Structure formats: C-alpha cells, structure tokens
Amino acid sequence: MTTDANVADASVHPRRLFFALWPAPVLAEELTRDGAQWLAQAHARPIRPENIHLTLAFLGVVHGERVECFRQAATQVTTPAFTLVLDHAECFRRAGILWVGPSALPALLLALVQQLNAALRACGYQPERRDYRAHISLARQVRRCPRLPVPVPRAWEVREFVLVESHLEPGGARYEILERWPLTAQ
Ligand code: 2AM
C-alpha cells in the first residue's frame, strides 16, 4: 500500500470518493485518441487523458471516519493481478457517454469488484443493485452516438487499484489519487 497524497486529513471534510483502476498515461493517451477519432464528426465533450479511469465502486460523498473504514476495507482485497482487454466500444445513449471496455467481463475483475463491495458493506456502503458494467468513459454529452468500430484491442495489465477523490471544479472534474493497493502477483 502506498500513499500518494496526504490522506491524514481525510476525516476532516466530506469527500467525493470512488475506487478505480487507473491506466498508465500511455494507455490513457491511446484510448483518448481512439475516442477522438470515433467522435470526429460528433458533438461531444471528450474526457482528458489524465481523467481516464475505470470505476470499481462509487462511494459518493464520504464523511469522517468512514473514509478510514473504506481504506481498511481495501486492504482485505486479495484478487490477483489480471489482464483486461479493452476491445469493445459503446454508448450509454441516455447518459450521453461513449465508453470502451472488455467485450467479456474477466472473472478476476468481477472477483475484485465483488470482494471490494463485500468489504465496503461493513462500512455501510450499499453496492449498486444493477449488474456491474466495466466501462471507461471517453466522452460525455455525446448527442448522437456514431457508428462505432470494433476497437483495436488494448491490453491493460492491471496490477493495482486506487482510491480517488473527485474535485468538482468549474472546468470539470479533477481526480486526485489518494492511495494505491497492489493486486497480488499471479
Ligand atoms: P461514469 O464514467 O459512467 O460517469 C467518478 O464520478 C466516477 O464514478 C465516474 O467514472 C462515474 O462513472 C462513476 N460513477 C458511478 N456511479 C456514479 C454516480 N452515482 N454518480 C457519479 N459518478 C458515478
């Protein structure tokens, strides 16, 4: 476990938090380029490469010592590292989101989400009822989803997961990685 930022003051003010997988900058840039290409003719708001991520569990606004409880819960995850192949592009039409993800949910990603959810429940977290849809949003405010190709598959070696704070700023969300937990070696 490594700490990227000062999480010592986590109990002081409410924070908008989520657990996620965070790609290396090279992969984030590739995905951003893919999205920009597909949306070249469409009206949309692309997501900046530094904001590209895959959400595991969205915690919402978290107060006080629950932050510490969530951090402790993360240490209980024992899922091994895995490869995530991003080979599917789609739009959530109603939400106006273009995203990429795996065409088939890897068993180890599902195991990671389930383990995390189970541990977070002890802190009062209510996991989403609907099935988990692994997706990396590439653009928002997509008015008309273009015809999307089968993407060049991008292989992501997933070796850690992170706790992120979302700062809602006038220019859009800014994400700050607060802490990282390694997945165990396979
Ligand atoms: P999205 O990419 O599909 O919008 C930070 O807001 C991250 O948490 C985003 O990746 C967002 O998914 C995800 N998320 C999941 N549930 C959310 C919710 N109820 N409100 C805001 N973001 C949510």
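Data overview
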| quantity | calculated |
| --- | --- |
| Residues satisfying the stated conditions in the range 39-69, i.e. more than 9 Å from the ligand (Cβ to nearest atom) and assigned to a loop (DSSP other than H, G, I, E, B) | Leu39, Ala40, Gln41, Ala42, His43, Ala44, Arg48, Ile52, His63, Gly64, Glu65 |
| Pairs with Cβ under 7 Å, 6+ apart, first in the range 69-97 and more than 27 Å from Val152 (Cβ to Cβ), second of a type in the set (Ser, Thr, Tyr) and assigned to a strand (DSSP E or B) | Thr78/Thr184 |
| Any hit, the range 105-117, residues being in a loop (DSSP other than H, G, I, E, B), on the phi < 0 side of the Ramachandran plot and away from the ligand (no atom under 14 Å from the Cβ) | yes |
| Residue within the range 80-90 that is loosely packed, with under 13 Cβ neighbours inside 10 Å and farther than 14 Å from Phe161 by Cα present | no |
| Long-range neighbours under 9 Å by Cβ, at least six apart or interchain, first residue among the polar types (S, T, N, Q) within the range 52-68, second within 9 Å of the ligand (Cβ to nearest atom) and open to solvent by less than 20 Å² (accessible area, probe 1.4 Å) | Thr55/Phe18; Thr55/Ala20; Thr55/Ile136; Thr55/Ser137; Thr55/Val164 |
| From the options Leu98, Leu84, residue that is assigned to a strand (DSSP E or B), out of contact with any Cys (no Cβ under 9 Å at 6 or more places or on another chain) and closer than 26 Å to Arg45 by Cβ | Leu84 |
| Matching entry among Leu148, Leu112, Leu108 (being buried (at least 20 other Cβ atoms within 10 Å of the Cβ) and either of a type outside the set (Gly, Ala, Ser) or at pLDDT 95 or above (or both)) | Leu112 |
| Qualifying residue in the range 164-171 (condition: within 16 Å of the ligand (Cβ to nearest atom), loosely packed, with under 11 Cβ neighbours inside 10 Å, among the acidic types (Asp, Glu) and under 18 Å from the mean Cα position of the chain (by Cα)) | no |
| Flag for Leu120 being more than 12 Å from the ligand (Cβ to nearest atom), part of a loop (DSSP other than H, G, I, E, B), under 25 Å from Val77 (Cα atoms) and modelled with pLDDT of 95 or more | no |
| Selection from the range 110-145 of residues that are touching a residue at least 60 places away in the same chain (Cβ under 8 Å) and in contact with a helix residue (DSSP H, G or I) (Cβ under 8 Å, 6 or more places away or on another chain) | Leu116, Leu120, Tyr125, Pro127, Ala134, Ile136, Leu138, Ala139 |
| Within the range 136-162, tally of residues that are assigned to a strand (DSSP E or B) and in contact with a Lys or Arg (Cβ under 7 Å, 6 or more places away or on another chain) | 4 |
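The values are calculated or read from the model by the stated rules, or taken from the named source; none is laboratory data. The structure presented is a predicted model; accordingly, all values stated were derived computationally and were not measured. As a convention, Cβ positions derive from the backbone with ideal geometry for all residues, glycine included, and neighbour counts pool all protein chains shown. Heavy atoms of the whole protein, side chains included, go into the accessibility calculation; ligands, DNA and RNA do not. Shrake-Rupley method; radii C 1.70, N 1.55, O 1.52, S 1.80 Å.
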